[in-house]
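Data first, discussion second: the structure below is written as structure tokens.
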Amino acid sequence: MRVTFNAVRDGLDAIHTASDAYATAQWQVASGKRVRVASDDPAAVQQAVNDQNAVMRIDGYTKATDSANARLSLLDSTLGDIVTRLMQAMTATQSAAGDTASQATRDADAQMLAGLRDSIAGDINTTFNGRYLFGGQQSMTPPYAQIAGVWTYQGDATPVTVNVDESRSVTIAMDGRKVLQGGDPADILTTIDGLVTAVQTGNQAVITAGLDALNRAFSRAVQAQTAVGTDEASVTDIQASLVSRRTSAVSLLSGDTNVDLADAITRMNQAQVAYQGALGAVGTANKQSLLDYLR
Amino acid sequence: MANLFGSLSTAARSLDAQQYGLDVTGKNIANVNTDGYTRRKVSLTEIASRNGASDGGVEISGAPAQRDAFLEARLRAEGPGVSLGGTIANALSVVQTSLGDTGKSIDGDLAAFFDAFRVLSQDPTSSVSRDTVVSQGVKLAKTFNDMTTRLYASETAADTQIKGSITQINALTTQIASLNAAISGANGSSAESLKDQQAIAVRSLSHLVSVGVMQRSDGGVDITVGDGRALVVGGNFYQLGAAPTPPAGMTAVMLNGIDITGEISGGQMGGAIQVRDVFIPKYQTQLDQLANSVVTQVNAVHSTGFDMNGLNGANFFTPLGGVPGSAQNIAVDPAMAANSNLLAASLSGAVGDNQIAKAIAALADAPAVGPAGSTFTQAWSQIVFQVGSDTQNALASQQSHQDVLSAVQQLRDSVSGVSLDDEATALLMFQRGYQANAKFFATVNDVIDLLMNMVRA
């Protein structure tokens, strides 16, 4: 076959092909990426979109667990305070029980009970960023307030939960009445009000009933604190799981579009040699023809 | 029997022939880099002797161009494929660039939007969280709007390319018709030059649109387009026209008053038509479906809730008329955009209830789009894949046709291309031929001189 040499067409085509491969390899080494646009590897880019979304979703849940953790810590410590104060109230009430306590002792116990009542009322009206934690969904209203001298629950019975993972939620605002009243006819604040008077007057029947009510309230508070503790433990586990899942998702994402650097550098070197070869080949071939040998 | 004057005449004719050979070789060398030039090969014929006498010598029978009709046809046939793939790949490369980087486009905005609802669920009464949800909704809608604008810009660019192709095609068909007329009345080397120009024009035309080419007996070509519609018949040509079509005023390709847009295939124009009428509408439909699903699903949940004022939730997004145009028209309800207290996060009406916020946040992972039940992000990733895959296919098709075209071009060059080695050989050959004939002429002349001197003596 006759071979013609078209330096403009064949030569430039060869140089363009080699320089394109060189530029691509160079970009991959410089950027650490294998894929620049979707057409480089459509399936990998599609996977990358989904993997990137998984990373963002995990980041979202991580933020949710951080926020939930702060609330749960406050709930936990508040319930711990309530438990402590209920124990103190039981101690003060027991001190006033029976015939042995003097009036001065009973007065002091009554005064202490009144203080503990106020503390419990303060605890149950605890806020996080200005939102009440024990009013159920009524986060803007103090759960317990004295209205016309009567302790009144202003929250509702529906706890507020947030999702901290795809299939896991934790309670960040609970029903305060469930803690302070439960199935009793009166909440513990009202009960302590009665105990203050009973302790002062030595009304043993009321004191005994009050002690039982304090006991039940103590159990409910401990139970609620345990539930919060369980949620806290879950959140801690989920946080650890999110960290490991994020690592895994980032690794997948990296595998979708990142380049194998060793491979890229090797290909860049090969492409560089090919590019130089193309330049040299075209330069050499363009100089040679029979005309150069004719004299 | 030969005589000396006959020999002189033979030598003179041969000198002419060798000179002609040198002239043709010079033309070939001059056109070594001329696109479309077909090398000429000198054809010399021995002049038959009369009455058995060998005094004929040589005569020039011409310098025909070395054409291979089959290879020329193959070159024309591959042109539309190369241009089609190239045009589609170029246009879709712009589209895929406008899709944005992973995590920084609609996928990122979708994630941020639903994440804002997740954050809101932690404190439904927070004005900061509410404002964030609204602003993320506005941003998401804007991104959809921008994406549609970019797709429309690509569509318009393809339409402009179609109009440009029409102008170029008309210029080429005019030129081919004119060449046809010239070729039918020309002969010899001028006809070959005209045929070279004709081949270049037809090849250029085939890069613009897939055409049928029929060789005429007078050397001209007839050209058809689409379903065998005549563009050039001999010296006559028929101009393509551009007519705007409703609703967007995109260009229809007209020929003799008939819309032949649907018949156009191959070439730059065929590629631009596919980009404008097939690819971009396909992506736009997918984008509209995604936007429509976002609006429908979010509104469906949002409207069952209660806002901060305890009133029934309105629509978060302005309701859409239907799927078409959804990505262009998606917008956060103006009242909502102005007052985030209208955002409904509560199912019960209690201000601290977050169930609606949680339900909307959960939509991010819900099967929400299309019959296959893709998540929003999956639906977006399918659009990205589709654009990438279509671009890749177009590039592969272009490369495949280009490879064939290069191979055919080499074959064509092996027949029609100028080889400097060949021309150097021919140069040497005709130079030597000329020198030998000149020597022969001088020798015969000397002999005649000798004879004449003898006569004078």
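The values are calculated or read from the model by the stated rules, or taken from the named source; none is laboratory data. Owing to the predicted nature of the structure, the values given are computational and were not obtained by experimental measurement. Don't worry about glycine lacking a Cβ; one is built from the backbone with ideal geometry, like all the others, and counts go over all protein chains shown. Accessible surface areas use protein heavy atoms only, side chains included; no ligands, DNA or RNA. Shrake-Rupley method; radii C 1.70, N 1.55, O 1.52, S 1.80 Å.
Values as computed for the structure displayed
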{"read-out": "With Cα atoms, 0 to 90° folded angle of helix A:261-287 axis to chain A main axis", "value": "20"}
{"read-out": "Between the stretch B:129-158 and the stretch B:262-321, the Cα center-to-center distance that results, in Å", "value": "11"}
{"read-out": "Förster radius 45 Å - calculated FRET efficiency between B:TYR152 and B:THR34, Cβ distance, rounded to 0.05", "value": "0.55"}
{"read-out": "Relative pair counts by distance (%), Cα atoms of the stretch B:139-294, 10 Å bins", "value": "11, 34, 24, 16, 9, 4, 1, 0"}
{"read-out": "For the stretch A:1-156: span of alpha carbons on each principal axis (Å, largest first)", "value": "128, 30, 20"}
{"read-out": "Descending Cα extents along the principal axes, the stretch B:49-157, whole Å", "value": "121, 21, 15"}
{"read-out": "Förster radius 56 Å - calculated FRET efficiency between B:ASP403 and A:THR84, Cβ distance, rounded to 0.05", "value": "0.10"}
{"read-out": "Lysine pairs in the protein assembly as shown with Cα atoms under 23 Å, if 8 or more residues apart or on separate chains", "value": "14"}
{"read-out": "C-alpha center-to-center spacing [the stretch A:22-68, the stretch A:97-160] in angstrom", "value": "53"}
{"read-out": "Amide H contacts of B:MET254 (H built 1.01 Å from N, under 5 Å, at least 5 apart or other chain)", "value": "B:GLY241, B:ALA242, B:ALA243, B:ILE260"}
{"read-out": "Quarter of the Cα convex hull surface for the stretch A:112-248, i.e. its orientation-mean projected area (nm²)", "value": "9.7"}
{"read-out": "Buried accessible area, chains A and B (both chains, 1.4 Å probe, Å² to nearest 100)", "value": "4000"}
{"read-out": "Chain B: angle of helix B:127-184 to the longest principal axis, Cα-based, in degrees nearest 10", "value": "20"}
{"read-out": "Equivalent ellipsoid, the protein assembly as shown (semi-axes from 5 times Cα gyration tensor eigenvalues, Å)", "value": "97, 28, 13"}
{"read-out": "Semi-axis lengths, Å, the stretch B:219-329, gyration tensor of Cα atoms, sqrt of 5 times eigenvalues", "value": "51, 12, 7"}
{"read-out": "Viscosity 1.002 mPa s, temperature 20 °C, Stokes-Einstein D of the stretch B:331-457 from Kirkwood C-alpha radius, µm²/s", "value": "87"}
{"read-out": "Heavy-atom accessible area order for B:HIS302, B:HIS401, largest first, 1.4 Å probe", "value": "B:HIS401, B:HIS302"}
{"read-out": "Largest to smallest principal axis extent of the C-alpha atoms in the stretch B:187-233, angstrom", "value": "36, 21, 10"}
{"read-out": "Per-residue SASA entry for B:ASP449, accessible area with 1.4 Å probe, Å² rounded to 10", "value": "80"}
{"read-out": "Exercise: per-residue mean of other protein chain Cβ atoms within 10 Å, B:222-231", "value": "0"}
{"read-out": "Pair-distance profile P(r), taking every C-alpha pair of chain B, with 20 angstrom steps and integer %", "value": "20, 31, 22, 15, 8, 4, 1, 0"}
{"read-out": "Centre separation in Å (Cα based) which lies between the stretch B:198-226 and the stretch B:367-446", "value": "19"}
{"read-out": "The stretch B:274-395 - Rg and Dmax from Cα coordinates, angstrom", "value": "17.1, 58"}
{"read-out": "Residues whose placed amide H lies under 5 Å from that of B:LEU44, excluding near-sequence neighbours", "value": "B:SER61"}
{"read-out": "Acute angle (nearest 10 degrees) that the helix A:204-257 long axis makes with the longest principal axis of chain A, alpha-carbon atoms", "value": "0"}
{"read-out": "Chain B: calculated mean residue ellipticity at 222 nm from DSSP helix runs of at least 4, using -39500 (n - 2.57)", "value": "-21500 deg cm²/dmol"}
{"read-out": "Radius ratio Rg over Rh of the stretch A:219-295, counting only Cα atoms, Kirkwood formula for Rh", "value": "1.72"}
{"read-out": "Spatial extent of the stretch A:33-99: Rg and Dmax, with the Cα atoms as the point set, Å", "value": "27.4, 91"}
{"read-out": "Solvent-accessible heavy-atom area per residue, rounded to whole Å², over the protein assembly as shown at 1.4 Å", "value": "45"}
{"read-out": "Integer Hz, Karplus 6.51/-1.76/1.60 couplings in order for the stretch B:226-240, x for Gly and Pro", "value": "x, 7, x, 7, 5, 10, 9, 10, x, x, 9, 9, 10, 7, 7"}
{"read-out": "Computed accessible area, B:LYS142, all protein chains, 1.4 angstrom probe, square angstrom", "value": "110"}
{"read-out": "Neighbourhood net charge (14 Å Cβ-Cβ; Lys/Arg +1, Asp/Glu -1) for A:GLN204", "value": "-2"}
{"read-out": "Equivalent ellipsoid semi-axes - Cα gyration tensor, the stretch B:312-381, angstrom", "value": "24, 18, 9"}
{"read-out": "Surface share of carbon and sulfur [accessible, 1.4 angstrom probe, percent] for chain B", "value": "55"}
{"read-out": "Kirkwood-Stokes translational diffusion coefficient of the stretch A:165-244, alpha-carbon pairs, 10 °C, 1.306 mPa s, µm²/s", "value": "107"}
{"read-out": "Rg over Rh [alpha-carbon atoms, Kirkwood Rh] for the stretch B:1-42", "value": "1.28"}
{"read-out": "Solution diffusion estimate, µm²/s, Stokes-Einstein, chain A, Kirkwood Rh from C-alpha pairs, 37 °C, viscosity 0.692 mPa s", "value": "129"}
